[in-house]
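Trainee: My structure is below; once you've seen it, I'll send some questions.
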Amino acid sequence: SLPLMLVDLVCHHGLSALIDMHVLHRLAADQGDASAQFNLATMYDLGEGVKRDHAEAVQFYRLAASQGHADAQHNLGVSYALGEGVSRDYLRAYMWFSIAATLGADNSRQAREAIALELTPVKITKAQQLADQCMANDYKGCR
């Protein structure tokens, strides 16, 4: 959701016809709005209203994920699993799916189980340790 101040500004100045959703989300994302960061990331991920750019999507997913946005955390796991915008890394995918699952994202539990088939037990333990460390640090510095 966009900050109320931004919506009020757009409505009162008649700019809504000139400003597309990308710009609105970008403005709110730049103000630190996690939902806008997630929405902007999704736009880049899918190429909706912007040129598809997985690396740009990952950057905005990271910003939202660092604020505890479970869907952004899940999508970071997907990015790592598929190697879109980042190098394929099943350990990091498992880590992000674990974090999102902790916040109640059922699809992340299923994705984590699928990724576990690609990892050794030692790597699963390491991924879970990274997830625990990330959560203990309030999602700061997680990669």
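Trainee: Can you tell me which condition residue 72 does not meet? The list is (1) under 18 Å from residue 118 (Cα atoms); (2) without any contact (Cβ under 8 Å) to a residue 40 or more places away in the chain; (3) in a helix (DSSP H, G or I), and all the others hold.
Mentor: So the condition that residue 72 fails would be (1).
Trainee: Identify all residues within region 75-94 that are of a type in the set (Asp, Glu) and in contact (Cβ under 8 Å) with a residue 12 or more places away in the chain; write none if there are none.
Mentor: Listed by number, the list holds a single entry, 84.
Trainee: Going by the structure shown, is residue 43 part of a helix (DSSP H, G or I) and touching a Leu at 6+ places or on another chain (Cβ under 9 Å)?
Mentor: Considered against the rule, which asks whether it is part of a helix (DSSP H, G or I) and touching a Leu at 6+ places or on another chain (Cβ under 9 Å), residue 43 comes out as no.
Trainee: Can you tell me which condition residue 75 does not meet? The list is (1) within 12 Å of the chain's Cα centre (by Cα); (2) at pLDDT below 95, and all the others hold.
Mentor: In the conditions (1) within 12 Å of the chain's Cα centre (by Cα); (2) at pLDDT below 95, residue 75 misses (2) alone.
Trainee: Something else now. Would you pick out the residues in region 56-106 that are of a type in the set (Asp, Glu) and under 17 Å from residue 42 (Cα atoms)?
Mentor: 56, 71, 84 - these are the residues of region 56-106 that are of a type in the set (Asp, Glu) and under 17 Å from residue 42 (Cα atoms).
Trainee: Quick one: how many residues across region 78-125 are at pLDDT 95 or above and in a loop (DSSP other than H, G, I, E, B)?
Mentor: Qualifying residue count for the region: 11.
Trainee: Determine, yes or no, whether residue 63 is part of a helix (DSSP H, G or I), in contact (Cβ under 8 Å) with a residue 12 or more places away in the chain, out of contact with any strand residue (DSSP E or B) (no Cβ under 8 Å at 6 or more places or on another chain) and over 20 Å from residue 113 (Cβ atoms).
Mentor: Criteria met by residue 63.
Trainee: If the Cβ limit is 8 Å and pairs must be 6+ apart or interchain, which residue in region 113-135 that is of a type in the set (Asp, Glu) pairs with which residue that is modelled with pLDDT of 95 or more?
Mentor: From residues that are of a type in the set (Asp, Glu), the pairs are 118/90.
The values are calculated or read from the model by the stated rules, or taken from the named source; none is laboratory data. Keep in mind that this is a model prediction, so the values were computed, not measured. Cβ atoms come from the backbone with ideal geometry, glycine included; neighbour counts cover every protein chain shown.
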